[in-house]
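Below is one structure; the comments refer to it alone.
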Amino acid sequence: MGHDGAVSYEHLLSPGSIGTLELRNRMIMAPMGEELGCENGEVSDDQVAYLEARAKGGMAVVMLGSVGVAHPVGCSNKRQTAISDDKFIPSWRRAADQVHASGGKIAMQLTHAGKTALQDTMAGRPLWVPSQPGPATVDPLYGMVTAAEGAMMAEPLIAPASKVHYRVMDHDDIATAVDQFAAAAVRAREAGVDAVELHGGHGYLIDAFLSPTVNARDDEYGGSVGKRARFLVEIITEIRRRAGDDYPVWVRLNSTEVGIDGIVLADALHNARAAAAAGADAIHVSAYHDPGIATGPTDSYGPHVPELLVPNAAAVKADVDVPVIAVGRISPEAADRHIAEGLYDFVAMGRKILADPDLPNKLAAGRSADVRPCVYHYRCIGNIFLRMGTRCAGNGFLGRENQLAATSAPEAKRVLVVGGGPSGMETARVAALRGHEVILAEASHQLGGRWALASATSDVNADLMAWFERQLDQLGVDVRLDTPLDAAGAGALSPDAVVAAVGGRWGRPEVAGIDGAGVWGVDDLAPWLLGGESLDAARVAVLGGDLPGLGVAEAAHRQGAEVTLIESGPALGYSLGLPGRWRAVHDLGRAGVNLVTGAEVAAVVDEGVVWRADGAEQTTPADLVVVTSELAADTVLADELRSAGLVVHAVGDCARPGYLEGAMRAAVELAAAL
């Protein structure tokens, strides 16, 4: 048992090895695109700090994903890291030295993006493919983006030199690619990088050869499953020849392809056996999908359903005699159990280790309840779709570890935080970590502010809420509930600094009937969501389709109401990262919630909500209308405190509406500077 009475994690925390690579535990940082590199392909200071934080946190291996072997050719994004030339070795050596100094091992994932190499499209270069691709399908859900997001995603397609065309690889091209992968592995070894992973999945070049859907060749590199694996086998064989038999190399493979007649488990087992026979030291079992399906990422490599890919990992484990790495929303508790049962040997963690880089150390110390939970907003993955640096909705430090840290403050101050919502709690937590004396005053009888409502609609939000309460208690923050404060009350506490974190002001649109008896605002939801009162409405219309609207719609639907969600803009859930947004919208629609976008509300009448879209007017019948659409900053308290001569900082929705993600980001920026 751990010190907190939790699981001991003895299997997850036991040492293991991949080839000659000796590892302190069974946790590997999943290879992820992060868009934090230098535009010239070198490892950046931001990336070194990002890796170092997770090595210090106890991960056995930290890894950068999508490292270009032919940079700038074959790259998906402009800040993708490279190892395609000796000039990249020094920056990698610096990263390796920092990780080793933190007690961890470092790996890189070698990648050629093939037909998904957007940088090639942007520059007008041909995309390398095993055979000419067929027509692509486009899911209507992909259109559920804001105008700004659409512009970012379209950048590679509208650049001056942009051109989409393909080069079907001949034997010389294949030999070139094999050479590029092998030369990259040699450079990685020279840079002091402990291992390389070949990206043989997710639609990239190696996977394109492996996939029966994409590879239509009729030469020795296509046709049968064995011939399709030839390219991969040649790469591993050449890496072994040049980098040596003792250099750790493993392969990430698709175990299935969702939504298409593509790779199936039998193909994956053949590919895993072929890779191991050629010299791969481990198999990393992932999955892919039809790229035309918007929910594909959350059904494959970043599954929304916990442990979705574990049976596939177990099948590979039973079929090969090298270690197997599993991935895909696997909790530490489940991973410990699975490893004990022999289902796989190592677990790759992505989202969880972004949310809390200290996860392994906390497990080892018996403090599993102190691991910050992931809230599955998919901002981490979503930003890569937008060609931006990765961020985390729950962890405001992610990707900014080089600029922001909870280091000891030069002098301890008395900090008063007014408001116990997410921004107030996180400001108080980080300020206390830095050594300040913190008082947190909350006007209501519980922490959370209006975000307590969100916690009532979502288990992951509730987990984060419980985590905050535990952290504030452990850090000795003086939490005072039922304590509304005005300027006089705040001044009486003699603070060196006051943080206003009282949340935004929720209004209502200026339409006829909006103040009627059957219309609730956000502040009317507490008796239902928190107090256990029944909804008592058979038909509910929710105005506003962002996170609050999604939460209310889901909760009302769960209680049996017929729900219509009405949004004025083109996208629902626009504060979610794209894969999470597409997942949430798809799941709500499939559950039977009526989803309306691009609608202007005209009036609320006895029958329901009157709205206009595409020049036509409709009425949605409703017994209850809930308004979640009108959030604005609220500076009244901050202004009053300043007028009283106090040093005041405003954070969260009262300063700038941004829901949980905005609150977390602003809170760490403020608290790190106090």
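Return a yes/no flag: does the stretch 328-344 have any residue that is in contact (Cβ under 8 Å) with a residue 40 or more places away in the chain, out of contact with any strand residue (DSSP E or B) (no Cβ under 6 Å at 6 or more places or on another chain) and open to solvent by less than 10 Å² (accessible area, probe 1.4 Å). For the stretch 328-344, residues in contact (Cβ under 8 Å) with a residue 40 or more places away in the chain, out of contact with any strand residue (DSSP E or B) (no Cβ under 6 Å at 6 or more places or on another chain) and open to solvent by less than 10 Å² (accessible area, probe 1.4 Å): present.
Scan the stretch 163-191 for residues that are open to solvent by less than 30 Å² (accessible area, probe 1.4 Å) and not aromatic (Phe, Trp, Tyr) and jot them down.
Met169, Asp173, Ile174, Ala177, Val178, Ala182, Ala183, Ala184, Ala185, Ala188, Ala191
Contact map, the stretch 462-486: first residue over 11 Å from Ile439 (Cβ atoms), second residue open to solvent by 60 Å² or more (accessible area, probe 1.4 Å) and in a helix (DSSP H, G or I), Cβ cut-off under 9 Å, separation 6 or more or different chains; pairs are Gln471/Leu433; Leu475/Leu433; Asp486/Glu640. If you scan the stretch 577-587, which residues turn out to be out of contact with any Phe, Trp or Tyr (no Cβ under 6 Å at 6 or more places or on another chain) and surrounded by 21 or more Cβ atoms within 10 Å (Cβ to Cβ)? Answer for the stretch 577-587, where residues must be out of contact with any Phe, Trp or Tyr (no Cβ under 6 Å at 6 or more places or on another chain) and surrounded by 21 or more Cβ atoms within 10 Å (Cβ to Cβ): Arg581, Trp582, Arg583, Ala584, Val585.
Candidates Ala348, Ala340: the one that is in contact with a His (Cβ under 7 Å, 6 or more places away or on another chain) and under 21 Å from Asn395 (Cβ atoms) is Ala348. Going through (1) touching a Cys at 6+ places or on another chain (Cβ under 9 Å); (2) open to solvent by 30 Å² or more (accessible area, probe 1.4 Å) one by one, Tyr301 falls short only on (1).
Exactly one residue out of Ala335, Ala348, Ala326, Ala294 is small (Gly, Ala, Ser) and part of a helix (DSSP H, G or I): that is Ala335. Selection over the stretch 27-36 of residues that are touching a helix residue (DSSP H, G or I) at 6+ places or on another chain (Cβ under 6 Å) and open to solvent by less than 10 Å² (accessible area, probe 1.4 Å) gives a count of 2. The set of residues in the stretch 255-278 that are part of a loop (DSSP other than H, G, I, E, B) and either open to solvent by 10 Å² or more (accessible area, probe 1.4 Å) or of a type in the set (A, V, I, L, M, F, W, C) (or both) comprises Gly259, Ile260, Asp261, Ile263, Val264. Kindly establish whether Pro291 is open to solvent by 30 Å² or more (accessible area, probe 1.4 Å), farther than 20 Å from Gly226 by Cβ and at pLDDT below 95. When the stated conditions are applied, Pro291 passes them. Against the condition over 30 Å from the mean Cα position of the chain (by Cα) and open to solvent by 20 Å² or more (accessible area, probe 1.4 Å), how does Arg612 come out, does it pass? Judged against the criteria, Arg612 is a match. Residue check: His284 meets all listed conditions (1) open to solvent by 30 Å² or more (accessible area, probe 1.4 Å); (2) closer than 26 Å to Met349 by Cα but one, namely (1).
Summed over the stretch 641-661, residues that are in contact (Cβ under 8 Å) with a residue 60 or more places away in the chain and outside any loop (DSSP other than H, G, I, E, B) total 11. When every residue of the stretch 244-254 is checked against the conditions, at least one turns out to be crowded, with 22+ Cβ neighbours inside 10 Å, more than 29 Å from the chain's Cα centre (by Cα) and not aliphatic (A, V, I, L, M). Filtered by the rule that a residue be touching a helix residue (DSSP H, G or I) at 6+ places or on another chain (Cβ under 7 Å) and either over 22 Å from Gly658 (Cβ atoms) or of a type in the set (Gly, Ala, Ser) (or both), the stretch 406-418 gives Ala406, Leu416.
What helices (runs of 4 or more DSSP H) lie completely within the stretch 144-240 and have 1 or more residues being in contact with a strand residue (DSSP E or B) (Cβ under 6 Å, 6 or more places away or on another chain)?
In the stretch 144-240, 171-190, 205-210 are the helices (runs of 4 or more DSSP H) which contain 1 or more residues that are in contact with a strand residue (DSSP E or B) (Cβ under 6 Å, 6 or more places away or on another chain).
When the strands (runs of 3 or more DSSP E) confined to the stretch 544-635 are screened for residues that are closer than 24 Å to Glu533 by Cα, those reaching at least 3 such residues are found at 562-566, 624-627.
Comparison of Thr620, Thr635, Thr628, Thr597 shows that the only residue that is of a type in the set (Val, Ile, Thr) and open to solvent by 60 Å² or more (accessible area, probe 1.4 Å) is Thr635. So, Arg24, is that one farther than 26 Å from Leu253 by Cα, of a type outside the set (Val, Ile, Thr), open to solvent by 40 Å² or more (accessible area, probe 1.4 Å) and more than 24 Å from the chain's Cα centre (by Cα) or not? Criteria not met by Arg24. Contact annotation: residue pairs with Cβ atoms under 7 Å, 6 or more positions apart or on different chains, pairing a residue in the stretch 75-92 that is touching a residue at least 60 places away in the same chain (Cβ under 8 Å) and open to solvent by less than 30 Å² (accessible area, probe 1.4 Å) with a partner that is of a type in the set (Gly, Ala, Ser) and assigned to a loop (DSSP other than H, G, I, E, B), are Asn77/Gly33; Ser84/Ala70; Phe88/Gly41; Ile89/Ala191; Trp92/Ala191.
Out of the residues in the stretch 513-533 that are part of a loop (DSSP other than H, G, I, E, B) and among the aliphatic types (A, V, I, L, M), state the one that is surrounded by the most Cβ atoms within 10 Å (Cβ to Cβ). The qualifying residue surrounded by the most Cβ atoms within 10 Å (Cβ to Cβ) is Leu525. Of note, Asp536 satisfies the criterion of being open to solvent by 30 Å² or more (accessible area, probe 1.4 Å), assigned to a loop (DSSP other than H, G, I, E, B) and modelled with pLDDT under 95. Does Glu52 fit the bill of being open to solvent by 20 Å² or more (accessible area, probe 1.4 Å) and assigned to a strand (DSSP E or B)? Considered against the rule, which asks whether it is open to solvent by 20 Å² or more (accessible area, probe 1.4 Å) and assigned to a strand (DSSP E or B), Glu52 comes out as no. Could you check Ile381 against (1) at positive phi; (2) touching a Ser or Thr at 6+ places or on another chain (Cβ under 9 Å) and say which number it fails? Looking at each condition in turn, Ile381 falls short on (1).
Taking the criterion of being touching a strand residue (DSSP E or B) at 6+ places or on another chain (Cβ under 8 Å) and over 25 Å from Leu343 (Cα atoms), the residues of the stretch 275-294 that qualify are Asp290, Ile293.
Look at the stretch 523-535: where a residue is without any contact (Cβ under 8 Å) to a residue 24 or more places away in the chain and at negative phi and a partner is part of a helix (DSSP H, G or I) and open to solvent by 30 Å² or more (accessible area, probe 1.4 Å), sitting 6+ places away or on another chain with Cβ atoms under 6 Å, you get Glu533/Pro527. When Lys362 is tested against (1) at pLDDT 95 or above; (2) at positive phi, exactly one condition is not met: (2).
Inside the stretch 103-115, can you point out the residues that are among the small types (Gly, Ala, Ser), closer than 14 Å to Val193 by Cα and either part of a loop (DSSP other than H, G, I, E, B) or open to solvent by 20 Å² or more (accessible area, probe 1.4 Å) (or both)?
Gly103, Gly104
The values are calculated or read from the model by the stated rules, or taken from the named source; none is laboratory data. Computed from a predicted structure; not experimentally measured. Every residue, glycine as well, gets a Cβ built from its backbone with ideal geometry; the counts of neighbours run over all protein chains shown. For the accessible areas, the whole protein counts, side chains as well, though only heavy atoms, and no ligand, DNA or RNA atoms are used. Shrake-Rupley method; radii C 1.70, N 1.55, O 1.52, S 1.80 Å.
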